[in-house]
Amino acid sequence: MRIAIISPIAWRTPPRHYGPWERVVSLLAEGLEIIQDGINGFIVSNVEEMAGKIKDVMDISREACRKTVESRFTQEKMVKEYIDVYKEILKIS
């Protein structure tokens, strides 16, 4: 049995008056770009496109999904990236 997760996200840019925290949010968001369209998920623009992709879910490779996670979220990499974000926060605060 295969299970698919449908996770619609509507990204809206925060207002400019957030000041330095806008940079913090963008630094954190950069690490979240893990979807490779058609390889480990689908990127769509609206609900209709999302519904149309449901039939293609079985074409997504479980191995490709696992490789994405293993390559992007190693313990060493996560520690380094968290430290880098904290350093950036300290610079802009």
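Just so you know, all these numbers are worked out from the coordinates, no wet-lab data involved. Just so you know, these numbers come straight off a predicted model, no measurement behind them. Here Cβ is always computed from backbone atoms with ideal geometry, including for glycine, and neighbour counts include all displayed protein chains.
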For Gly41, residues with placed amide H under 5 Å, excluding near neighbours: Gln36
Those lysines that a straight Cα-Cα span of less than 29 Å connects to Lys55, excepting residues fewer than 8 apart in one chain: Lys67
C-alpha center-to-center spacing [region 38-63, region 64-88] in angstrom: 25 Å
Point-to-point label distance, Ile92-Lys67, nm (Cα→Cβ direction, 7 Å offset): 3.3 nm
Efficiency of FRET between Ile43 and Glu81 - r from beta-carbon atoms, R0 22 angstrom, step 0.05: 0.45
Mean Cβ neighbour count within 10 Å, used as a protection proxy, ranking 67-78, 39-50 highest first: 39-50, 67-78
